[in-house]
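Participant: Sharing a structure here in structure tokens format.
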Amino acid sequence: MDESKMYLCRCENVTLADLHKILDAGVTSMEEVKRYTRCTKGPCQGRTCKELIAKEMARYLHVPIESIDIPKDRAPIKPIPMGEIAKGDQ
Amino acid sequence: MKKTADIVIIGGGVAGCSCAYYLAKRGFRNIVLVEKKYITSGSTGRCAANFKEQWESPVKCEMGKYSIRQFKVLGEETGFGDLEVVQNGYMFTLYQPDQVAEFKRRQTMQNSIGVPTQYLEPYEVKQIIPQYNTAGLLGAILNPEDGHINPFKLTFAYEKGAKDRGVEFDTYTTVTGIRVEGGRVKAVITDRGTIETPVVINATEAETKWISRMVGLYHPVEPQKHEILITEPMDYLKLPMITSYDQKIYIHQMPHGGFAMGTLNEFQPMGIVNYGSSWNFLEEMCRRAVQMIPAFQNVRVIRQWAGHYGMTPDMNVILGPAPEVEGYILATGAAKSMMMSPAIGTLIAEILAGDTESAIPISKKDVGLSRFQNYFINPGGSSKKNMDAEDAVS
């Protein structure tokens, strides 16, 4: 299958080919992959792509998945309208 | 990893990478940059991505003007490619009569040195930003030449330019000490080995004081925590960045469509580095943003994070040697490392080369350590009293 048409991060259009290109350049950190590609920074905040990318990195680099530095989850866990947050406790 | 170098730069953020690039471009050789994590992992990767040339002092205006000129050519000069430079302007919205007077005074100074700031009446603000709630607004100051650049791409461009010119980058390398003998820098000690060097450049911004402590000095750079959030991507409106000192908020739409907005964390004392984000910031920021632009009500927040400013006594950069230890140089951006990185790198290269002339029409004394007579700032104090200081939110 064409790797440039297999999307790992749908929000930011990062494909399997994009990831392999970065890994081939010597990058081994998922935090760095995030800075290069914007992966996990879209509206889904990595809920669909994070594990997929980590898994593929572990497979491609021949390392255990525990050794991949998966970027931390940041609040809010899912998108919330600002008007709702602004209401506070009310 | 090299065992000896002519210059070691500590810090792989935009300031350190800019120094590496401009030093190498200038002809300095045998340069090593050491970074604790990865390039852009500190304040650079957490910044608001805007740049401006409208400041309260001519020194900062000149550094801003020079930097904007460089931003336009750096992508091509380094061979990196597009850096997402856009100039949609930067607007201060003013709510107090004394603010209006102060910003009009600045405008006169800025216009006299070629920064085209203009004063706007509330109806003109409404014309530019129809969604803006102008209740209580007295006026605004806009500089159309200010704008946005991608801080990651900018830093990677410096990195590429420096590497192409022979600079060694040692990431995931922690500096644990600096050896000083007879009042001179001799070596930088890291967890991966020692690098003998006569010159060390401290470009660690928020962590400056801990590195300076390794040579037995205190330098007045205190970390101050700021928080920021970003919304889901919306239509790109090409609006100017908006800052209000009164409402303690800045709002800036990134070219990919998300609105970034942020402010100071008032609850954490200065002097501490803590990247955790807080719920009260999220709530307070949403309240301020919805009040300023009611249309934000239905826009979703997708992420928040925190970073640090390196606060200096006059909130200007500190570039140059510490007189007590020969070979120890500070390259501190004072929360402006990203937007003034070309000026920082250029001035550091000029200082190390011993130039008397400068590409930027300012005196090295204006940016050197000697301008502080008694430079202790209370690290344990509350951040609150700095809220009114210049740059508290920008």
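The values are calculated or read from the model by the stated rules, or taken from the named source; none is laboratory data. Remember, it's a predicted structure, so these values are computed and weren't measured experimentally. FYI the Cβ positions are ideal-geometry reconstructions off the backbone, even for glycines, and counts take in every protein chain you see.
Participant: Report yes if some residue within segment B:88-101 is surrounded by fewer than 21 Cβ atoms within 10 Å (Cβ to Cβ), among the charged types (D, E, K, R) and either under 18 Å from B:ILE344 (Cα atoms) or touching a helix residue (DSSP H, G or I) at 6+ places or on another chain (Cβ under 9 Å) (or both); otherwise report no.
Facilitator: No.
Participant: Scan segment B:202-258 residue by residue and report those that are farther than 30 Å from B:GLU35 by Cα and of a type in the set (D, E, K, R).
Facilitator: Correct list: B:GLU232, B:ASP235, B:LYS238, B:ASP246, B:LYS248.
Participant: Within the bounds of segment B:127-135, is there any residue that is within 27 Å of B:ALA334 (Cβ to Cβ), surrounded by fewer than 20 Cβ atoms within 10 Å (Cβ to Cβ) and in contact (Cβ under 8 Å) with a residue 12 or more places away in the chain?
Facilitator: Filtering segment B:127-135 for residues within 27 Å of B:ALA334 (Cβ to Cβ) gives none.
Within segment B:127-135, not a single residue is within 27 Å of B:ALA334 (Cβ to Cβ), surrounded by fewer than 20 Cβ atoms within 10 Å (Cβ to Cβ) and in contact (Cβ under 8 Å) with a residue 12 or more places away in the chain.
Participant: Any chance you could count how many residues in segment B:181-213 are buried (at least 20 other Cβ atoms within 10 Å of the Cβ) and farther than 21 Å from B:ILE344 by Cα?
Facilitator: Qualifying residue count, segment B:181-213: 6.
Participant: Shifting gears a bit: Does B:LYS72 meet the test of being at pLDDT 95 or above, touching an Asp or Glu at 6+ places or on another chain (Cβ under 6 Å), basic (Lys, Arg) and part of a helix (DSSP H, G or I)?
Facilitator: Working: at pLDDT 95 or above: yes; touching an Asp or Glu at 6+ places or on another chain (Cβ under 6 Å): no; basic (Lys, Arg): yes; part of a helix (DSSP H, G or I): yes.
In short, no.
Participant: Looking at segment A:68-87, which of the residues that are under 17 Å from B:ALA306 (Cβ atoms) and basic (Lys, Arg) is surrounded by the most Cβ atoms within 10 Å (Cβ to Cβ)?
Facilitator: The residue in question is A:ARG74.
Participant: Ok, one more. Could you pull out every one of the strands (runs of 3 or more DSSP E) wholly within segment B:97-202 that has 1 or more residues that are among the aromatic types (Phe, Trp, Tyr) and at pLDDT 95 or above?
Facilitator: Passing ranges, in order: B:118-120, B:168-170.
Participant: In addition: Among the residues of segment B:58-101, write down those that are touching a residue at least 24 places away in the same chain (Cβ under 8 Å) and acidic (Asp, Glu).
Facilitator: If the condition is that a residue be touching a residue at least 24 places away in the same chain (Cβ under 8 Å) and acidic (Asp, Glu), then B:GLU62, B:GLU77, B:ASP82, B:GLU84 are the ones that fit.
Participant: Restricting segment A:46-90 to residues that are of a type in the set (Val, Ile, Thr) and more than 11 Å from every other protein chain (Cβ to nearest Cβ), which is farthest from B:ASN280 (Cα to Cα)?
Facilitator: Ranking the qualifying residues of segment A:46-90, first place goes to A:VAL63.
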